[in-house]
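Visitor: Submitted below is the structure of interest, expressed as structure tokens.
The values are calculated or read from the model by the stated rules, or taken from the named source; none is laboratory data. Just so it is clear, the model here is predicted, and its values are computed rather than measured. All Cβ positions, glycine included, derive from the backbone under ideal geometry; neighbour counts span all protein chains shown.
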Amino acid sequence: MEVFLVILIAGHLAGVIGMMLAIPAYTVLRGFAREFFYQFRVVKHLTKRMDNLSLQT
């Protein structure tokens, strides 16, 4: 659901280029928020699935 909304909003604001850059930009923003603003409830909720993805090699 998040990805769909991000693409729709980016498409509305910046057209096709915005749609192509939406997911990479959103991923960078989520990582930044997780590192520097993790004490906020909203950030914890949006980044809780990132814990499972971090460097499982």
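Visitor: Which residues, taken from region 1-51, are surrounded by fewer than 12 Cβ atoms within 10 Å (Cβ to Cβ) and touching a residue at least 24 places away in the same chain (Cβ under 8 Å)? Explain how you work it out, then say what you get.
Guide: Looking only at region 1-51, we keep the residues that are surrounded by fewer than 12 Cβ atoms within 10 Å (Cβ to Cβ), and these are 1-5, 12-13, 15-17, 24, 28, 32, 35-36, 38-42, 45, 48-49, 51.
Of everything in region 1-51, just one residue is surrounded by fewer than 12 Cβ atoms within 10 Å (Cβ to Cβ) and touching a residue at least 24 places away in the same chain (Cβ under 8 Å), namely GLU2.
Visitor: Condition first: in a loop (DSSP other than H, G, I, E, B) and modelled with pLDDT under 80. Can you find one or more residues in region 1-20 that meet it? Steps first, answer last, please.
Guide: Just the residues of region 1-20 that are in a loop (DSSP other than H, G, I, E, B), to begin with: 1.
Checking which are modelled with pLDDT under 80 leaves us with none.
No, region 1-20 has no match at all.
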